[in-house]
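Asks: I'd like to ask some things about the structure below.
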Amino acid sequence: MSSPLFTVEKKIPHSERGTGARAGTLHTLRGDIKTPAFVGVATKATIKGVSSAQFAELGLQTVIANTYHLYLSPGEDVVQKMGGVAQFMNWKGPTMTDSGGFQVFSLGSGFGKKVSKFGNRGETSNQFEVSPRSDSPVRYDEELATSHGKLAIVDEDGVTFTSHLNGTMHRFTPERSVEIQHKLGADIFFAFDECTEPTALYEYQKAAMGRTHRWAKRSLAAHRQNFEANKRQAIYGIGQGGQFDDLRQESARTIGDMGFDGFGLGGSFSKKYGDNSLQSALNMLAYLPPEMPIHGLGVGEPEDLFLGAAYGVDTFDCVIPTRNGRTGTAFTHRGNINIENAQYIGDPSPIDPECDCPVCTPDPLTGMYFTKAYIHHLFRTKEMLAPMLVSQHNIRFLTRLVDRIRDSILNDTFDHFRDSFLERYNRESQNSPLLTQSHNLIRQQNPQVVEHIPSH
RNA sequence: GCGUCGGUGGUAGAGUGGUCAAUUACACUUGGCUGUAAACCAAGCGGCUUCGGCCUUCGGGGGUUCGAAUCCCUCCCGGCGCA
């Protein structure tokens, strides 16, 4: 990048927490991104169920698409011909692309589960989802892969994928990923990495991290060699290390020193892998160049946005608003609700009366909003509007949350905002099962009074 | 009226002497979802339980049998055919 990518406007110093919470701006050719920012996930050049015409209204400044998925369909050449991923999806703002490294994990994990089924490992051991033998480079075994359902095999040079769409074989290397991402043309893209199972054992985690570092160097070299792309696109390196602090530290120092434009926290932060994945990743911040922009890959639960922001993470992407939206779970200031639950039959209130999204907000002309009763009905009848509405609401809930985190950093009220928000979000979330129980009990006994019982 | 086929859990629909509290799907109830193989997945879905079982269920009633959703008789209900 010829001009500086990132400027920090305000910083809350913190000796133990990475670089400390900060507000800043990412400058791209397609516009600025005020940070911290929530990035919409548009894997296949679409945020599922949400039109790009709605992005701005929902508070999205940028979206992130996926190299692997767009490579498979429609192919990077088509996207390039259409003017790049932003123009392709009819979006004027900044874009990012992810390298496909996550698919090494998500597509490869199917294999490990099948292996454990055969009894090679304990029933509960899913720790070697990808390449159990850490030291010996794993060669691709087509017969093994197809017969056991594994879709990604890692070796030192790259990854061989079996397409999840049609079973065809594809090869990704750092150079190939960068080449594809040049054609996709996003403003910011990521180096090809190997995302591991967070619970993978130390030896494997270390080996994968080393591989990721060597791939990072190659990704960066491939990018710097392309003069044109280099002028238009920024490249972030991704750090790994699982839940091991020494590996995380080593990864942060190594990637941080390579000369990337930014840094991505690598891993999978799902709670099913325990509570330490995100924390271990955030510990990397202390070892990175302080002015380097940080992206939290796949970080988006409200608690995690606060936690990440507190450590100095600048951008976050996450599928949670749209995936939850599609499956009926809506964020509210009083905790999540499942709009499909029976208690919302005939509920005239909006999803969250405190929300300013187009779904919850009364229309200025009619004074009407989308009721829980209506959205519940749409889900029950499997209408496509249902997931669309909740996805919109959830996206706005998170972009607004991150916007307010930004404001609180600028106003020196971050800690207060975090505490007050999370106190309600968690407390009322915990209470809701009881509320639901009593609500249902009363409803069974006195169906006619249901309208008068406050539901959240 | 005669003949014939059929009546199974919220619905559809398997089962047709014991391994059946009864396959499966849908519905329903509740969970889960963090760089999207996800408009998905999982669990529950007669009652009670000291979790080993116990009790009540396959249109109603009666019978055969060690044992019946399954066989027999009868009644009720429905489809079809003939009058």
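Asks: Report the local net charge at A:K10: Lys and Arg +1, Asp and Glu -1, summed over other residues whose C-beta lies under 11 Å from its C-beta.
Replies: Numbers: positive: A:K11, A:R22, A:R406; negative: A:E9, A:D407, A:D412.
Spelling it out: positives minus negatives among the neighbours equals 0.
Asks: Just rank A:D314, A:D246, A:D98, fewest to most, by other beta-carbon atoms within 10 angstrom. Can you show the working numbers first?
Replies: Details: A:D314 27, A:D246 10, A:D98 30.
So the residues, fewest neighbours to most, are A:D246, A:D314, A:D98.
Asks: Moving on to the next point. Could you work out the relative contact order of the range A:6-318? I mean the mean sequence separation of Cα pairs under 8 Å and 6+ apart, divided by the number of residues, in percent.
Replies: On the way: 671 pairs, mean separation 60.2, N = 313.
That works out to 19 percent.
Asks: Expressed as a rounded percentage, what relative contact order does the range A:168-250 have, with Cα pairs under 8 Å and six or more residues apart?
Replies: Relative contact order, the range A:168-250: 38 percent.
Asks: A follow-up question, please. So what's the gap between the Cα centers of the range A:255-275 and the range A:287-329, to the nearest angstrom?
Replies: Cα centroid to Cα centroid, the span is 11 Å.
Asks: May I ask for the net charge around A:E340, where only other residues with Cβ less than 15 Å from the Cβ of A:E340 are counted and Lys, Arg are +1 while Asp, Glu are -1?
Replies: Values: positive: A:R323, A:R326, A:K372, A:R380, A:K382; negative: A:D347, A:E383.
Neighbourhood net charge equals +3.
Asks: Let me spell out the model: positive unit charges on the Cβ of Lys and Arg, negative unit charges on the Cβ of Asp and Glu, origin at the Cα centre of the range A:6-318. What dipole size does that give, in debye rounded to 20?
Replies: The dipole of the range A:6-318 has a size of about 400 debye.
Asks: Take every Cα pair under 8 Å in the range A:288-427 that's 6+ residues apart, average their separations, divide by the length, and report that relative contact order as a whole percent. Before the final figure, lay out each step's value.
Replies: On the way: 191 pairs, mean separation 36.3, N = 140.
For the range A:288-427, the relative contact order is 26 percent.
Asks: Only bridges whose two residues both fall in the range A:6-318 count here: according to DSSP, what percent of them are antiparallel, nearest 5? Please report the intermediate quantities before stating the final value.
Replies: On the way: 18 of 43 bridges.
Antiparallel bridges make up about 40 percent of those DSSP assigns within the range A:6-318.
Asks: Around A:L58, with a cut-off of 12 angstrom between Cβ atoms, what is the net charge of the other residues, counting Lys and Arg +1 and Asp and Glu -1? Walk me through the intermediate numbers first.
Replies: On the way: positive: A:R396, A:R400; negative: A:E57, A:D356, A:D403.
Here the charged neighbours net out to -1.
Bear in mind that the values in this text are calculations on the coordinates, not laboratory data. On a predicted model such as this, the values are computed, not experimentally measured, just so you know. Cβ atoms come from the backbone with ideal geometry, glycine included; neighbour counts cover every protein chain shown.
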